[in-house]
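Below you'll find the structure, written out as structure tokens, and then a few comments.
The values are calculated or read from the model by the stated rules, or taken from the named source; none is laboratory data. Bear in mind that the values here come from a model prediction, so they are computed numbers and not experimental data. Cβ: placed from backbone, ideal geometry, glycine included. Neighbour counts: every protein chain shown.
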């Protein structure tokens, strides 16, 4: 069972206003710059490169101290679980289902996740920033399957972005667009023998 992280297991970050304040700009001005530079960050560029690129878009110089503060606040903003998703994750873990996390996220965020007690529920944690490739690239699915030592059709994958679902389907995974924990639970009840009180 493979989950995306951001806006699937976690809530959307609430840290953007704080990050904007640290750079001395309005949140409405900051958010487009934050997202515009995100893909290179998720694909392995260093946090200093990322935040300075964001700063350049905003006309703000970003020093090393600010890079560190922004990176910390940004990571913490994404570490808030959706309660219903967390409950589903716990149910699956307690049912003995093998879990994996596959996230387009910077390496620095990966290190923060690894320190969280809940990370131990996962057989493997994969962050795109460590691999220098990202969903929906074919290479990332190959690495996922290699680590899990599993056939693609045996893996159920949830993500909130259709482009990533399309990439997973092309790699042979059973991929479903995430619309919430209730929908996922209903699907998995029919897919996993003994889960949710229904055998498949």
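The conditions of being loosely packed, with under 14 Cβ neighbours inside 10 Å and over 22 Å from residue 175 (Cα atoms) are not met by residue 15. Annotation note: Cβ proximity below 7 Å between a residue of region 115-137 that is in contact (Cβ under 8 Å) with a residue 40 or more places away in the chain and a residue that is loosely packed, with under 15 Cβ neighbours inside 10 Å (sequence gap 6+ or interchain) occurs for 133/139.
The residues in region 48-93 that are part of a helix (DSSP H, G or I) and over 17 Å from the mean Cα position of the chain (by Cα) can be counted, and the count is 23.
Going by what's in this entry, would residue 18 be described as more than 17 Å from the chain's Cα centre (by Cα), at pLDDT 95 or above and farther than 24 Å from residue 113 by Cβ? When the stated conditions are applied, residue 18 does not pass them.
All of (1) assigned to a helix (DSSP H, G or I); (2) at positive phi hold for residue 7 with one exception: (1).
Give me a count of the residues in region 18-47 that are part of a helix (DSSP H, G or I) and either surrounded by fewer than 19 Cβ atoms within 10 Å (Cβ to Cβ) or touching a strand residue (DSSP E or B) at 6+ places or on another chain (Cβ under 7 Å) (or both).
The initial filter retains those residues of region 18-47 that are part of a helix (DSSP H, G or I), namely 18-23, 27-36, 38-42, 47.
If we keep only those that are either surrounded by fewer than 19 Cβ atoms within 10 Å (Cβ to Cβ) or touching a strand residue (DSSP E or B) at 6+ places or on another chain (Cβ under 7 Å) (or both) too, we end up with 18, 21-22, 27-29, 31-32, 35-36, 38-40.
Matching residues across region 18-47 total 13.
Within region 33-56, the set of residues being in contact (Cβ under 8 Å) with a residue 12 or more places away in the chain and either more than 19 Å from residue 107 (Cα to Cα) or in the same structural domain as residue 110 (by TED's automatic domain parsing) (or both) comprises 33, 55. When region 1-31 is filtered for residues that are in contact (Cβ under 8 Å) with a residue 12 or more places away in the chain, out of contact with any helix residue (DSSP H, G or I) (no Cβ under 7 Å at 6 or more places or on another chain) and farther than 20 Å from residue 111 by Cβ, the ones remaining, listed by number, are 7, 11, 24. Is one or more of the residues making up region 58-74 in contact (Cβ under 8 Å) with a residue 60 or more places away in the chain, under 24 Å from residue 29 (Cα atoms) and touching a helix residue (DSSP H, G or I) at 6+ places or on another chain (Cβ under 8 Å)? Taking every residue of region 58-74 in turn, at least one turns out to be in contact (Cβ under 8 Å) with a residue 60 or more places away in the chain, under 24 Å from residue 29 (Cα atoms) and touching a helix residue (DSSP H, G or I) at 6+ places or on another chain (Cβ under 8 Å).
Only residues that are surrounded by 15 or more Cβ atoms within 10 Å (Cβ to Cβ) and under 22 Å from residue 192 (Cα atoms): list them for region 87-117, please.
Applying the first criterion (surrounded by 15 or more Cβ atoms within 10 Å (Cβ to Cβ)) to region 87-117 yields 88-89, 91-93, 97-110, 112-113.
Correct list: 88, 89, 91, 92, 93, 97, 98, 99, 100, 101, 102.
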